[in-house]
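K.L.:
If you scroll down you'll find the structure; I have some questions about it.
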Amino acid sequence: MTHQPPATDLADWLRLTLIPGLGGERQRRLLRAFGLPGAIFQASHHAVAEVVGDKAATQLRDHDPSALIATTLDWLAQPGNHLLTLADATYPPRLLELPDPPTVLYVKGDVSLLHRPGLAIVGARSATPQGESNAAAFAGALARSGLNIISGLALGIDAAAHGGALDAGGATLAVIGTGADRIYPARNQALARRIVERGAIVTEFPLGTPVAAHNFPRRNRIISGLAQGVLVVEAALNSGSLITARLASEQGREVFAIPGSIHSPQSKGCHRLIRDGAKLVETAEDILEEAVFAGYDAPAPSPPPTTDATPTGTDPDSARLLAALGHDPVSLDTLAARTGLTADALYAILLSLELDGQLARLPGGRFQRLT
């Protein structure tokens with residue numbers, strides 16, 4: 001059970017972090033100058049102004065966040081809810097290595113997981129079916145090896161990674177860019193409940209913080225900061241996952257990337273990372289062989305499915321179409337050229353294969369094999 005500081009101390013920490021315009025850098029300067037938050041609020045206006053300037057000192061004196069403090073203390077009284085401060089022994093030591101560690105962390109779930117070795121798995125929100133499958137498979141294998149899987153609760157790769165870890169009986173941390181009482185996107189509500197039961201949701205943002213684009217890059221430094229390494233599964237060149245990878249590199253974390261088709265926009269970010277020095281990985285063992293994960297052995301792999309043989313019950317035309325699909329996204333015109341089948345015949349076979357779960361229909365009229 002995590003020890004929580006007295007409510008008066010927590011109220012002072014909350015008050016410090018709820019002052020508008022008083023960012024993390026100024027908060028840390030005040031803490032270095034005065035010690036605990038209580039001493040900051042007991043100091044004279046002049047003394048505070050010498051550290052952070054007159055405007056911030058005035059905000060510190062005049063702003064009254066007592067209503068939100070009371071709401072947060074009520075939230076903390078509920079089982080499984082925690083507030084970790086920079087002064088807590090339970091504050092994650094890996095985050096203390098960052099140049100800008102969060103002053104406080106709101107945690108909903110198992111707070112002990114913030115101290116476990118972990119791998120962050122991130123990638124595209126608009127992921128391909130194969131990308132989501134890869135994320136879930138890597139997360140499951142690494143979770144079974146004892147690693148904590150860390151991601152951002154977004155659609156696509158993030159959700160697949162969380163789900164893969166949970167389905168494998170492992171633990172996962174979701175670092176979010178809103179208040180701990182708000183789940184975004186809404187369709188991940190059920191996943192968030194599973195994470196709280198078997199892992200934890202983590203954020204530096206106060207309760208009630210809504211979705212804001214500028215919060216997500218800040219969230220990303222915590223995702224990479226809590227982990228020993230970051231695996232990028234799929235990412236376009238403008239993907240926020242590349243921000244996480246860059247932050248990981250700056251933080252001294254390992255960066256891994258899964259390669260993909262040279263024709264897929266969702267692979268270009270991973271290919272750039274590999275060119276820039278990220279380790280190309282094809283299996284969980286490729287990650288676990290790194291020194292930073294020494295002592296974590298990969299579980300015995302399941303026999304890979306045979307994809308060259310004709311699936312049971314598949315007619316020759318379907319088998320020919322599966323072979324023509326390959327493993328890259330393919331347009332209908334390309335399939336017609338490869339198979340010699342008419343558009344009507346292709347649509348009938350594609351529908352059957354889609355219903356059987358052997359392929360997925362992608363945006364832009366393309367198709368991708370899943371088996």
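K.L.:
For the chain, give the percent of accessible area contributed by carbon and sulfur heavy atoms, probe 1.4 Å, rounded to a whole number.
P.N.:
So the carbon and sulfur contribution to the accessible surface is 53 percent.
K.L.:
Rolling a 1.4 angstrom probe over the protein heavy atoms, how many square angstrom per residue are accessible across the chain?
P.N.:
45 Å²
K.L.:
For helix 66-76, what angle does its Cα long axis make with the longest principal axis of the chain, in degrees from 0 to 90 and rounded to 10?
P.N.:
Compared with the principal axis, the helix lies near 60 degrees.
K.L.:
Please label the shape of region 314-371 as rounded, prolate or oblate, based on the square roots a ≥ b ≥ c of the eigenvalues of the alpha-carbon gyration tensor (a/c under 1.5 means rounded; beyond that, a/b larger than b/c means prolate, else oblate).
P.N.:
Rounded, since a/c falls under 1.5.
K.L.:
Can you give me the Cα centroid spacing of region 216-292 and region 27-102 in angstrom?
P.N.:
What the calculation gives is 33 Å, centre to centre.
K.L.:
Name the residue farthest towards the positive end of the dipole of the chain from the options ALA257, SER224, ALA143, assuming +1 on Cβ of Lys and Arg, -1 on Cβ of Asp and Glu, about the Cα centre.
P.N.:
SER224
K.L.:
Something else about it: Among 123-134, 323-334, 341-352, how do they line up from the highest to the lowest mean number of other beta-carbon atoms within 10 Å?
P.N.:
Averaged packing, sorted descending, gives the order 123-134, 323-334, 341-352.
K.L.:
Need one number: the % of Cα-Cα pairs in region 9-146 sitting beyond the 23 Å mark.
P.N.:
Cα-Cα pairs of region 9-146 separated by over 23 Å account for 50 percent.
K.L.:
So for the chain: antiparallel DSSP bridges make up what percent, rounded to the nearest 5?
P.N.:
45 percent
K.L.:
With every protein chain present, what accessible area does PHE367 have (1.4 Å probe, heavy atoms only), rounded to the nearest 10 Å²?
P.N.:
Counting only protein heavy atoms, PHE367 exposes about 10 Å² to solvent.
K.L.:
Classify region 190-261: rounded, prolate or oblate, from the alpha-carbon gyration tensor (a ≥ b ≥ c, eigenvalue square roots; a/c under 1.5 rounded; otherwise prolate if a/b is larger than b/c)?
P.N.:
prolate
K.L.:
What shape does region 115-264 take by its C-alpha gyration tensor, where a ≥ b ≥ c are the square roots of the eigenvalues and a/c under 1.5 counts as rounded, a/b above b/c as prolate, and the rest as oblate?
P.N.:
Rounded, since a/c falls under 1.5.
K.L.:
Using just the alpha carbons, could you tell me how many Å³ per residue the convex hull of the chain encloses?
P.N.:
149 Å³
K.L.:
Sticking with this structure for a sec: By how many nm would the segment from GLU289 to ALA87 grow when fully extended, if each residue of separation counts as 0.36 nm and the alpha-carbon distance is taken off?
P.N.:
69.2 nm
K.L.:
Treating only the Cβ of Lys, Arg, Asp and Glu as charged (+1, +1, -1, -1), what charge dipole size does the chain show about its Cα centre? Round to the nearest 20 debye.
P.N.:
The calculation lands at about 680 debye.
K.L.:
Same structure, new question: Going by accessible area, probe 1.4 Å, with all protein chains left in place, what is the ranking of TYR184, TYR91, largest first?
P.N.:
Of TYR184, TYR91, the descending order of accessible area is TYR184, TYR91.
K.L.:
Another one. Quickly rank 66-77, 243-254, 153-164 as a protection proxy: mean count of other C-beta atoms within 10 Å, highest first.
P.N.:
Answer by packing, highest mean first, reads 153-164, 243-254, 66-77.
The values are calculated or read from the model by the stated rules, or taken from the named source; none is laboratory data. This structure is a prediction, so every number in the text was calculated from the model and none was measured. For neighbour counting, all protein chains shown are included, and Cβ atoms are generated from backbone atoms with ideal geometry for every residue, glycine included. Each accessible area value is taken on the protein alone, full model and side chains, heavy atoms only, with ligands, DNA and RNA left out. Shrake-Rupley method; radii C 1.70, N 1.55, O 1.52, S 1.80 Å.
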